[in-house]
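Some notes on the structure that comes next.
Just so it is clear, none of the values below were taken in a lab; they were calculated from the coordinates. Just so it is clear, the structure is predicted and the values come from calculations on it, not from any experiment. No Cβ is skipped: glycine too gets one built from the backbone with ideal geometry, and neighbour counts run over all protein chains shown.
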Amino acid sequence: MLEAVAGILFVIAMVWVFRQRHWESWAFSGALICLPLIYISFGVFASSEGVVVKEVVYGLPFLAGGSLLLFYGFRFSAYIVAALWLLHGVYDLYHQSLFVNDAVFSWYPVFCAAVDVSVALYLMWYGTAIRSANLKLAAKLSS
């Protein structure tokens, strides 16, 4: 429970910083790329072989989607980024069911899922404020 509260508080601070610096057009997509990199870095310290490869494979949709949406804006991109964040939250909660990465801290999946779901909910709301729900137009909106 404390992990979830910490995750939500982290997102409140993150959104505040992104909005203050007018980073909404790229930062949520860029941060999406970091999510699998965290699990991959945990995999480096795992005791089982092949964990890094599995983390890379499961992380590919987030790496590819985040990279694409970081550079290209199009209609409904805010909702696509939100869906990827939400999907990563599901991944966090089912991670141990897919395979064991014993280097992941016991509190991390709940914390990360709370972050992911909170960001997804924010982006779904924020998408209604942006013309065509295009994140690339967010910089113009907040200027």
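Laid out as a table, the results:
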read-out: Leading residue by the ranking (surrounded by the most Cβ atoms within 10 Å (Cβ to Cβ)) among those in region 18-58 that are more than 15 Å from Cys112 (Cα to Cα) and β-branched (Val, Ile, Thr); value: Val51
read-out: Which listed residue, of Leu98, Leu123, is aliphatic (A, V, I, L, M), touching a helix residue (DSSP H, G or I) at 6+ places or on another chain (Cβ under 8 Å) and surrounded by fewer than 14 Cβ atoms within 10 Å (Cβ to Cβ); value: Leu98
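One line per residue, one yes/no per condition, for (1) surrounded by fewer than 22 Cβ atoms within 10 Å (Cβ to Cβ); (2) more than 27 Å from Phe42 (Cα to Cα); (3) in contact with an Asp or Glu (Cβ under 7 Å, 6 or more places away or on another chain):
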{"residue": "Gly65", "(1), (2), (3)": "yes, no, no"}
{"residue": "Leu70", "(1), (2), (3)": "yes, no, no"}
{"residue": "Phe74", "(1), (2), (3)": "yes, yes, no"}
{"residue": "Trp85", "(1), (2), (3)": "no, no, yes"}
{"residue": "Tyr91", "(1), (2), (3)": "yes, no, no"}
{"residue": "Ala103", "(1), (2), (3)": "yes, no, no"}
{"residue": "Tyr108", "(1), (2), (3)": "yes, no, no"}
